[in-house]
Amino acid sequence: MRELSKREKTEFNKLQKRLRRNVGKAIADYHMIEQGDRVMVCLSGGKDSYAMLDILLNLQRHAAVEFELIAVNLDQKQPGFPERVLPEFLDRLNIPYYILEKDTYNVVRQVIAEGKTTCGLCSRLRRGSLYGFAKSIGATRIALGHHRDDIVETLFLNMFFNGRLKAMPPKLLSDDGSNVVIRPLAYCREKDLLDFAGYRDFPLIPCNLCGSQENLQRVQVKKMLREWEREYPGRSASIFRSICQVVPSQLGDTELFDFSSLRVEVDREIHLPAIRAVNL
């Protein structure tokens, strides 16, 4: 951690407490971690996963339940990837970790045409590798570093481009029923995590696979939400609360709510009045 001024220390302490409180609340609300869990913490080298590991390590020292933490990074063989950065960082923390090597970079480059979005395939390949490895080490939880802004952005991506009211749940059972995925940062703002990474001076590793890709749908949604937040502060928080307070009867999914059985009991013996105009 870099040297901080007195004012910076005060701000950092407030920020750290807020992030730890938010993570602790998310874990409690969704029963993310329980006694004896082995949590595989997916570390990408980005600000979010670094912060997640830092906060979970603190929680591990102070929590009422005992659980294991195992850090895992997937080296996707991107050109110029700094292979020693994460091992050296994790060695200093003195926690168990694995570096998985899988050349998904060239797979994506071969499959996706030049200029097309690579993130979808890259994400699926990465997720498949990590899920399989979690089973091999007996992990009972897989912790991902998605934060509140990621969740809200995903809601709009699915609405705008997939026609589905769907986001990222704070806790998820994988489709094959083999893994439980948790998102401890679900209540945390991206801005707080960015500031936290700056204070902690994490050795950040950028993703060079896709470059900037400014036309990505997620980039455009992020820009939209940022403009909304600037014009109406607190809007993102309100949208996130709506994700957590769904009222199925006020939507339109016939699989989620039984609209067909909606009816009222009326007196069938009531006869219509003879006159056509009725004063109420």
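The values are calculated or read from the model by the stated rules, or taken from the named source; none is laboratory data. Note that the coordinates shown come from a computational prediction; the quantities given were computed from them, not determined experimentally. As a convention, Cβ positions derive from the backbone with ideal geometry for all residues, glycine included, and neighbour counts pool all protein chains shown. SASA here: full protein model, heavy atoms, side chains in, ligands and nucleic acids out. Shrake-Rupley method; radii C 1.70, N 1.55, O 1.52, S 1.80 Å.
Go ahead and estimate [θ] at 222 nm for the chain from helices alone: -39,500 (n - 2.57) per DSSP H run with n ≥ 4, summed, over the residue count, rounded to 500. Please list the in-between numbers first.
Details: 9 runs with 121 residues, N = 280.
Mean residue ellipticity at 222 nm (helix-derived): -14000 deg cm²/dmol.
Sequence-distant or interchain residues sharing an amide H contact under 5 Å with Leu69, placed H: which?
Val39
Does anyone have the angle between helix 6-30 and the longest principal axis of the chain? Alpha-carbon axes, 0 to 90°, nearest 10?
Computed tilt is about 50 degrees.
Of [x] 0.94; [y] 1.10; [z] 1.03, which one was derived for Rg/Rh (Cα atoms, Kirkwood Rh) from the structure shown?
Checking each listed value against the structure points to [y].
Could you tell me which GluC sites (Glu not before Pro) in region 152-255 are loop residues by DSSP with no more than 15 other beta carbons within 10 angstrom of their beta carbon?
Working: sites: Glu153, Glu190, Glu214, Glu227, Glu229, Glu231, Glu255; in loops: Glu214, Glu255.
Here the sparse-neighbourhood loop sites are Glu214, Glu255.
Rounded to the nearest percent, how much of the accessible area of region 18-74 (1.4 Å probe, protein heavy atoms only) is carbon and sulfur? If you can, show how the numbers build up before the last one.
Numbers: 1100 of 2330 Å².
Taking all protein chains in place, region 18-74 shows 47 percent carbon and sulfur surface.
Please determine, in degrees from 0 to 90 and to the nearest 10, the orientation of helix 217-231 with respect to the longest principal axis defined by the Cα atoms of the chain, where the helix direction is its Cα long axis.
Approximately 70 degrees, to the nearest 10.
Return one whole number: the accessible area per residue of the chain in Å², for a 1.4 Å probe. Let's see the in-between values first.
On the way: 17310 Å² over 280 residues.
Result: 62 Å² of accessible area for each residue.
Name the GluC sites (Glu not before Pro) in region 56-85 that are in a loop by DSSP and that have at most 14 other C-beta atoms within 10 Å, would you?
Values: sites: Glu66, Glu68, Glu83; in loops: Glu66, Glu83.
Within region 56-85, the qualifying GluC sites (Glu not before Pro) (loop, at most 14 other Cβ atoms within 10 Å) are Glu66, Glu83.
Normalised by the number of residues in the chain, what is the relative contact order in percent for Cα pairs under 8 Å and 6+ residues apart?
Values: 328 pairs, mean separation 62.7, N = 280.
Relative contact order comes out at 22 percent.
Take every DSSP beta bridge whose two residues both sit in the chain, then give the antiparallel share in percent to the nearest 5. Don't skip to the end; give the middle numbers.
Values: 3 of 18 bridges.
So the antiparallel bridges amount to about 15 percent of the total.
I need two numbers for region 1-106: Rg to one decimal and Dmax as a whole number, Cα atoms only, in Å.
Final numbers for Rg and Dmax: 15.8, 48 Å.
Show me the trypsin sites (Lys or Arg not before Pro) within region 229-269 that DSSP assigns to loop and that have at most 16 other Cβ atoms within 10 Å of their Cβ. Mind dumping the intermediate values first?
Details: sites: Arg230, Arg235, Arg241, Arg263, Arg268; in loops: Arg263, Arg268.
Those satisfying the criteria are Arg263, Arg268.
By how many degrees, 0 to 90 and rounded to 10, does the Cα axis of helix 148-157 deviate from the longest principal axis of the chain?
50
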